[in-house]
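The block underneath contains the structure these notes are about, expressed in structure tokens.
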Amino acid sequence: MLAALQHSWVASLYRNGNLPVDGLRGSKDEARFAIYRASLAANLTQALAGTYPVIEKLVGEPFFGAAAKVYLREHPSRHGDIHALGEQFSAFIEHFEPACALPYLADVARLEWLAHLAFHAADCDALDLDRLAALSEAQLAELHVKLHPSLHLMQSSFPVHRIWQANQESTMAAPVDLGEGEVSLCIFRDGLEIALMPLDTADYTFVAALQDTDLAAACERVLQYHPAFDPGQALYFLFSQRLVIALSMGDSPCML
Amino acid sequence: MTAVACKPDATLPARSGIGLRPAHYRDMLARRPPLAFLEVHSENYFGAGGPPHHYLENLRADYPLSLHGVSLSLGSTDPLDHAHLLKLKALAVRYQPELVSDHLCWTSADGLHTHDLLPLPFTEEVIRHVAARIRQVQDVLERRLLVENATGYVEFAASNMSEWAFVRAVVEEADCDLLLDVNNVYVNAINLSFDPLTYIEAMPAERIKEIHLAGFDYDEHADCLVDTHGKPVRTPVWDLYRDTIARIGPRPTLIEWDTDIPPLDTLLGEAARANMILEADSHARRIAA
């Protein structure tokens, strides 16, 4: 009895029709069931807007609400933790016909999702740069650099970092020149705030490489295409932004 | 079923507290107002780190804490979500809250989550189902759980007992504690036409470890009070709260406010009002003794 009842409720709540549910008794129950449907739409739209405030600002509340309605029908929540709700939103926006006049929108959504992940990422103590100075060249050759879990990378054909910054509550909106073109971004949490930092292609390739290989291989990967790349400067950047949380040698789990 | 190895009852002071919301983080840190306890929605702290934990850790040092969940889906026919439960357990281990609670309702089915507190039909079958799940949760958490009576705007044809008989039977069969939401009792009493005091009097007083108070709205189209947690506590709910305290004695009391969140001072004013009722009751008891 209970399983059938819950099945019928969930189906009705998530569909955008007036699908009746089974087993109600009261004379006012149909109108009252609508309260649940409205509350689900309002709560989940609000949660999505909490993760995507810039998108909501860019398209306006009514448009965002309409997009959220379609999104939630296609991607109903599958986690008790409501923070997981917007995971597919950027992919959805990319193919959401009514938004196609704003080609940068999906990338802004990608950026907001990464900022959301960075916001909730684990807290880790950063290492000081002098840890690196103490290493021999032989140790450097086998070094693995572990980066802060809040750090994420993304590339876009649009200056999404400028769009994001212009739409923060704490900043005055300045016009964004879309002609500024592509950006390679590093997103992380700096203290309690989200930080966005544009990187040049060499640095970007280097940081991306550090996430899946050791320091020597990462340098090699970058130098192949950017012979002028200065690994020392790139490492200095990572240390100075407090993004290096561990150093280890080769396959050994032993931390330096 | 193994016996729950419960920790000795940690208790909150029988005074008022408020729900901690991000909008008040900075204000709370700067002012640290006198409050008997803070309550947070457990799921809002399921992330590994960042600002939510920064503020909660900081404030936890100064206030007793209650973890209030909204997604255990105790009444669902889906299997219990063990990953979710383990996250809750890790949070409880990390913050050592005095109380851990969730709702006597369901929030998910067929793997889909509604993030809304949905009502259950009141039958023997449902009592056994929910009670068994509450026992499972208490076994995993290794501590007692409080379950909160929910609102329900509709009536199920399948129900064959009163809500108060249902709630009492569930908490007794599960051997768990009760978080009595006085506003929910009032909302259901008006919507479904019963006497709220009959409900209150049927509750097992010794299991009531916390009380919730909140504000409701009125939906004219559905002719229904709606539990929005977006308004001050209404006068008849204060009256029912006073009657409840007179019957069961003082209890830790939370002012819940989740939508249209007002300035911190508004919440502190509501909390002070609850304290006045608790104090007047203590005074009356002293005179009677």
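Is it the case, given these coordinates, that B:Val171 is touching a Phe, Trp or Tyr at 6+ places or on another chain (Cβ under 6 Å) and buried (at least 20 other Cβ atoms within 10 Å of the Cβ)? No.
Out of the stretch A:71-86, which residues are more than 18 Å from the chain's Cα centre (by Cα) and either open to solvent by 50 Å² or more (accessible area, probe 1.4 Å) or facing chain B (nearest Cβ under 10 Å) (or both)?
A:Arg73, A:Glu74, A:Pro76, A:Arg78, A:Gly80
With respect to the conditions (1) closer than 30 Å to A:Ala38 by Cβ; (2) in a loop (DSSP other than H, G, I, E, B); (3) touching a strand residue (DSSP E or B) at 6+ places or on another chain (Cβ under 8 Å), B:Asn160 falls short on a single one, namely (3).
Would the stretch A:16-26 turn up any residue that is of a type in the set (A, V, I, L, M) and in a loop (DSSP other than H, G, I, E, B)? Yes. Applying the criterion of at least 2 residues that are open to solvent by 20 Å² or more (accessible area, probe 1.4 Å) and more than 23 Å from A:Ser90 (Cβ to Cβ) to the strands (runs of 3 or more DSSP E) found wholly in the stretch A:138-256 leaves A:143-147, A:244-249. Please list, ordered by first then second residue, the pairs with beta carbon atoms under 8 Å, 6 or more apart or interchain, first in the stretch A:1-16 and at the interface with chain B (Cβ under 7 Å from one of its Cβ atoms), second assigned to a helix (DSSP H, G or I) and among the charged types (D, E, K, R). Close Cβ pairs (under 8 Å, with a partner that is assigned to a helix (DSSP H, G or I) and among the charged types (D, E, K, R)) amount to A:Met1/B:Glu125; A:Leu2/B:Glu125; A:Leu13/A:Arg37; A:Tyr14/A:Arg73. When the stretch B:73-117 is filtered for residues that are more than 10 Å from every other protein chain (Cβ to nearest Cβ) and either in contact with a Gly (Cβ under 6 Å, 6 or more places away or on another chain) or among the hydroxyl-bearing types (Ser, Thr, Tyr) (or both), the ones remaining, listed by number, are B:Tyr95, B:Ser101, B:Asp102, B:Cys105.
Among the residues examined, B:Leu59 qualifies as more than 14 Å from chain A (Cβ to nearest Cβ), free of Cβ contacts under 8 Å to residues at least 60 places away in the same chain and closer than 30 Å to A:His148 by Cβ.
Of all residues being more than 7 Å from every other protein chain (Cβ to nearest Cβ) and surrounded by fewer than 16 Cβ atoms within 10 Å (Cβ to Cβ) in the stretch A:22-45, which is farthest from the chain's Cα centre (by Cα)? Just the residue, please.
Among them, the one singled out is A:Ser27.
Out of all the residues in the stretch B:184-199, is one or more in contact (Cβ under 8 Å) with a residue 12 or more places away in the chain and assigned to a loop (DSSP other than H, G, I, E, B)? Scanning the stretch B:184-199 turns up at least one residue that is in contact (Cβ under 8 Å) with a residue 12 or more places away in the chain and assigned to a loop (DSSP other than H, G, I, E, B). Being of a type in the set (S, T, N, Q), part of a helix (DSSP H, G or I) and in contact (Cβ under 8 Å) with a residue 24 or more places away in the chain holds for only one residue in B:Thr244, B:Thr228, B:Thr259, and it is B:Thr244.
The values are calculated or read from the model by the stated rules, or taken from the named source; none is laboratory data. Source: prediction; values computed, not measured. All Cβ positions, even for glycine, are placed from backbone atoms using ideal geometry, and neighbour counts span all protein chains on display. The area values use the complete protein model at the heavy-atom level, side chains included, leaving out ligands, DNA and RNA. Shrake-Rupley method; radii C 1.70, N 1.55, O 1.52, S 1.80 Å.
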